[in-house]
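The values are calculated or read from the model by the stated rules, or taken from the named source; none is laboratory data. Note that the structure is a prediction, hence the values are computed from the model and not measured. Cβ: placed from backbone, ideal geometry, glycine included. Neighbour counts: every protein chain shown.
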Amino acid sequence: GRDGKLAKPRQLHNTHWGLVCPAETPEGQACGLVKNLSLMCYVSVGSPAEPIKDFMVQRNMEVLEEYEPGASPDATKIFINGTWVGVHSQPAHLVTLVQELRRRCIISHEVSLVRDIRDREFKIFSDAGRVMRPLFVVNTPDNETGAEEGTLALTKEHCRRLEDDAKYSRKKDDEDYFGWDGLQNSGVIEYLDAEEEETAMICMTPEDLEDFRQRKMRGKDAKDEEPEDDGRSLNARVKTRINPDIHMYTHCEIHPAMLLGICASIIPFPDHNQ
């Protein structure tokens, strides 16, 4: 409870990024134990797991009752909401397929997909009470749209439709309304929970993503290049050095300020001291 003097439960954990506000917490006994959600944090309401299980069975999942370990020892275990339901011999294809269905909103955007390659497990969560946050999707090499690898799935067309919503004061009930749901249905935005975030590679800003893509296109020679700090403005954002070993980013932050909660966000210049 709050009476204990333990420091560990009160400390901010790395996995809280974007889900829990790092600044907004009471002083004194409840410090760090009472948390406040970040601006774009969302709590899942849950969806039934049966349709997902039926879909898996149709996609050649061996149910647990029929599984023979000797016949396929390298098969990947499939868990739905913590329950082991079966095994599958082609997990990479299955994960890509289910992810594609989620981006098209055929299955709920709340469903979380976690593939642990080392332990040969594919965990699916559709239960209530998981904290999630939205991120921009980055195009992968195997995307069906033919878009360039390493670019945002968000295009100028999506931005134009959002601007039209504001311009013509469209309401949610209007036929031409695009809005947040439109971005979700177009596969531009994806909700990730803390566990799925462990399997994602998230870039801080679209500018960083573009820098990384340009360096990747220039190839290995760019590895030793160092950014020139001499002409940098004092007000420019401090950027992390690009890691040449990163294969490719999968997601991009909507905005770094979404890290904070409501109270911390209304403080002017929170990144400067007094």
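Which number in (1) of a type outside the set (Val, Ile, Thr); (2) touching a residue at least 24 places away in the same chain (Cβ under 8 Å); (3) on the phi < 0 side of the Ramachandran plot marks the one condition that Asn81 misses?
Of everything listed in (1) of a type outside the set (Val, Ile, Thr); (2) touching a residue at least 24 places away in the same chain (Cβ under 8 Å); (3) on the phi < 0 side of the Ramachandran plot, Asn81 misses just condition (3).
So, in the stretch 129-170, of the ones that are in a loop (DSSP other than H, G, I, E, B) and touching a strand residue (DSSP E or B) at 6+ places or on another chain (Cβ under 8 Å), which residue ends up modelled with the lowest pLDDT?
Gly150
Provide a single number: the residues in the stretch 67-82 that are modelled with pLDDT of 85 or more and acidic (Asp, Glu).
Total satisfying the criteria: 1.
Yes or no: Gly179 small (Gly, Ala, Ser), over 28 Å from Ala92 (Cα atoms) and out of contact with any strand residue (DSSP E or B) (no Cβ under 7 Å at 6 or more places or on another chain)?
yes
Okay, residues lined up against (1) aromatic (Phe, Trp, Tyr); (2) at pLDDT 90 or above; (3) not in a loop (DSSP other than H, G, I, E, B):
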site	(1), (2), (3)
Asp3	no, no, no
Gly18	no, yes, no
Gln29	no, no, yes
Lys35	no, yes, no
Met40	no, yes, no
Asn60	no, no, no
Glu65	no, no, yes
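Which members of the stretch 173-186 meet the condition of being in contact with an Asp or Glu (Cβ under 8 Å, 6 or more places away or on another chain) and assigned to a loop (DSSP other than H, G, I, E, B)?
Result: Asp176, Tyr177, Phe178.
Give just the number: which of (1) closer than 26 Å to Asp54 by Cα; (2) touching a helix residue (DSSP H, G or I) at 6+ places or on another chain (Cβ under 7 Å); (3) surrounded by fewer than 16 Cβ atoms within 10 Å (Cβ to Cβ) does Ile117 not satisfy?
(2)
Can you tell me which of Val98, Val114 is of a type outside the set (S, T, N, Q), under 24 Å from Glu253 (Cα atoms) and assigned to a helix (DSSP H, G or I)?
Of the residues listed, the single one that is of a type outside the set (S, T, N, Q), under 24 Å from Glu253 (Cα atoms) and assigned to a helix (DSSP H, G or I) is Val98.
Answer yes or no as to whether Asp193 is surrounded by 15 or more Cβ atoms within 10 Å (Cβ to Cβ) and at pLDDT below 90.
No: the conditions fail for Asp193.
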